[in-house]
Amino acid sequence: MGYFDIPVDHVHCQSVILDYLASKTISSDDMVVVSPDVGGVARARSFAKKLSDAPLAIVDKRRHGHNVAELFFMLQVMNLIGDVKGKVAVMVDDMIDTAGTIAKGAALLHQEGAREVYACCSHAVF
């Protein structure tokens, strides 16, 4: 699998997250899957397909290097592409480093009328 000279398994966590969301009994009509940035749209679309083709929304932000997004948020404009009003927003990402993007994205989703916000991630690196 690329970087290792021993056998490794590529473990996916999507099914675990999907099972958790299913346990919450959120209707697909009440849900919108959100990508916290443009780079995660394919991941969010994959989740949305498996959640009965839930609608998709995207947080559009400008990032200036690693771990600087949250430092730049005071001057940075974040826009939401899509509708979350009255919906349960499920934000999916691959990694949370400082949680600045997720926290500011969740605040934006609430500001735009999301009823609830779930943040789902496979790698938390705080």
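Any idea how many residues of segment 28-53 are more than 25 Å from residue 107 (Cβ to Cβ) and assigned to a loop (DSSP other than H, G, I, E, B)?
2
May I ask you to list pairs of residues, at least six apart or on different chains, whose Cβ atoms are under 8 Å apart, with the first in segment 7-27 being assigned to a loop (DSSP other than H, G, I, E, B) and the second being loosely packed, with under 10 Cβ neighbours inside 10 Å?
Pairs found: 8/1; 10/1.
Count, please, the residues in segment 46-59 that happen to be surrounded by fewer than 16 Cβ atoms within 10 Å (Cβ to Cβ) and farther than 17 Å from residue 13 by Cβ.
Here the count works out to 2.
For segment 73-122, which residues satisfy the criterion of being under 18 Å from residue 51 (Cα atoms) and of a type in the set (Asp, Glu)?
Within segment 73-122, 83, 93, 94, 116 meet the criteria.
Only one of 41, 11, 32, 88 is more than 14 Å from residue 121 (Cβ to Cβ) and either among the polar types (S, T, N, Q) or modelled with pLDDT under 90 (or both). Can you tell me which?
Sole residue among the options that is more than 14 Å from residue 121 (Cβ to Cβ) and either among the polar types (S, T, N, Q) or modelled with pLDDT under 90 (or both): 11.
Kindly indicate whether residue 22 is of a type in the set (Gly, Ala, Ser) and touching a Leu at 6+ places or on another chain (Cβ under 7 Å).
Working: of a type in the set (Gly, Ala, Ser): yes; touching a Leu at 6+ places or on another chain (Cβ under 7 Å): no.
For residue 22, the condition - of a type in the set (Gly, Ala, Ser) and touching a Leu at 6+ places or on another chain (Cβ under 7 Å) - is not met.
Do you know which residues across segment 14-29 are among the acidic types (Asp, Glu) and farther than 20 Å from residue 123 by Cα? Before the answer, list the steps.
Let us first name the residues in segment 14-29 that are among the acidic types (Asp, Glu), namely 19, 29.
Residue satisfying the conditions is 29 alone.
Quick test for you: out of 97, 93, pick the one residue that is buried (at least 19 other Cβ atoms within 10 Å of the Cβ), acidic (Asp, Glu) and at pLDDT below 95. Show your work before the answer.
Values: 97 fails: buried (at least 19 other Cβ atoms within 10 Å of the Cβ).
Residue meeting the stated conditions: 93.
The values are calculated or read from the model by the stated rules, or taken from the named source; none is laboratory data. Since this is a predicted model, take the numbers as computed values, not measurements. Positions of Cβ are backbone-derived with ideal geometry, glycine not excepted, and every protein chain shown enters the neighbour counts.
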